[in-house]
Amino acid sequence: MIKTFISLICTALLISSCASTTDPVPQEPTFTLSTFDLKAGDKLDFESTSTTQPDSTTVTTVLVIGVSGAPGAQVLLREDYTYRMRGGYLETYRGTETAVKIARFPTTVGDTVIHVLDTLRNPSGSTLQIYEKVVTTVHADTTLTTPAGSIRCAVFQALSVPTLTDGVGVVVTKSLSFVSPSLGIITDESQLWAGTTTDGPPFGATTSKLVKITRK
C-alpha cells in the first residue's frame, strides 16, 4: 500500500515537471505607451516627397506647442495636430475632429488596430464616397534608421478601399506607417491605385519621413 502511494506521488511530480517545462510562459510586454519624448519648443523636420504630377520634395518643420496629461493618457500638441495616448492606442486629431486610432502598443503581427468606414462628403453634406479602412500590424517591434537617429517603432499597414463607386475620386490607398510610441509617426509611405483594387502598378506615391529633431 505504501509503495503504491509513493508511486502515485512520483507519477504526479513527473507530470507536473513535464507540464512546467513544456507550457509556454507568457512574456511581459516591453514596448508600451508611456510618455512622449518631446517638450514644448522642440522642432521636428519632415521631408515629404511625391511621385504624382508634378514630382516634388518639401521639408516641413513642426513645432511642439506643449505636452500635458498623466503618463498613458498624455496629449502632445503639434500646431493644429494632436497626438493622444489612451487605452493602449496612439490617436490623432485636428481641432475638434474625432480622434482616429493610428497605432496600438503593445501589439503583435496581424493585430487589427481599426476596421471602419470613412465617408467623404461635399460641402453641402451629401456623400461623395465611402471607404472601408483597415489598419493592421506588420511589425510589432523594430528599429528604423533615420537621419534623425535610430528609432524603435512598430509598423502598421493601412488599406483604404472605396465601397461606393458612384462618387468621385475612386482611389485605393495603401500605406505603411512606422510609429514610435514616444514620438508618433516617424515615416509614412503611401501608394495610390485608381479604381477599387491594387491590381497593376500604382499611379502615385508619397513619403513623409522624419529627418531631424531639434531639442530646445
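Bear in mind these aren't lab numbers, they're just calculated from the coordinates by the rules spelled out. Just so it is clear, the model here is predicted, and its values are computed rather than measured. Don't worry about glycine lacking a Cβ; one is built from the backbone with ideal geometry, like all the others, and counts go over all protein chains shown.
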Exercise for review: Take each of the peptides 149-157, 198-206, average the number of other beta-carbon atoms within 10 Å over its residues, and list them starting from the highest.
Suggested key: 149-157, 198-206
Check your understanding: How about the stretch 90-186: which GluC sites (Glu not before Pro) there lie in a loop by DSSP and see at most 11 other Cβ atoms within 10 Å?
Key -> Glu97
Check your understanding: Stretched out fully, how many nm does the piece from Arg121 to Ser50 gain, at 0.36 nm a residue minus the Cα gap?
Key -> 23.0 nm
Exercise for review: Would you tally the net charge around Thr137, using a Cβ to Cβ cut-off of less than 13 Å, leaving Thr137 out, and scoring K and R as +1, D and E as -1?
Suggested key: 0
Practice item. Can you pull the one-decimal nm distance between simple spin-label points at Val100 and Asp141, each 7 Å off the Cα toward Cβ? Key: 2.9 nm
Exercise for review: Between beta-carbons, use under 10 Å as the cut-off and find the net charge around Ala73, counting Lys and Arg +1, Asp and Glu -1.
Suggested key: +2
Review point. Taking the Cβ of Ala158 as the center, what net charge do the other residues with Cβ under 15 Å away carry, scoring Lys and Arg +1 and Asp and Glu -1?
Key: -2
Check your understanding: Which value in nm describes the separation of the simple spin-label points at Tyr81 and Ala40, placed 7 Å from the Cα toward the beta carbon?
Key -> 2.1 nm
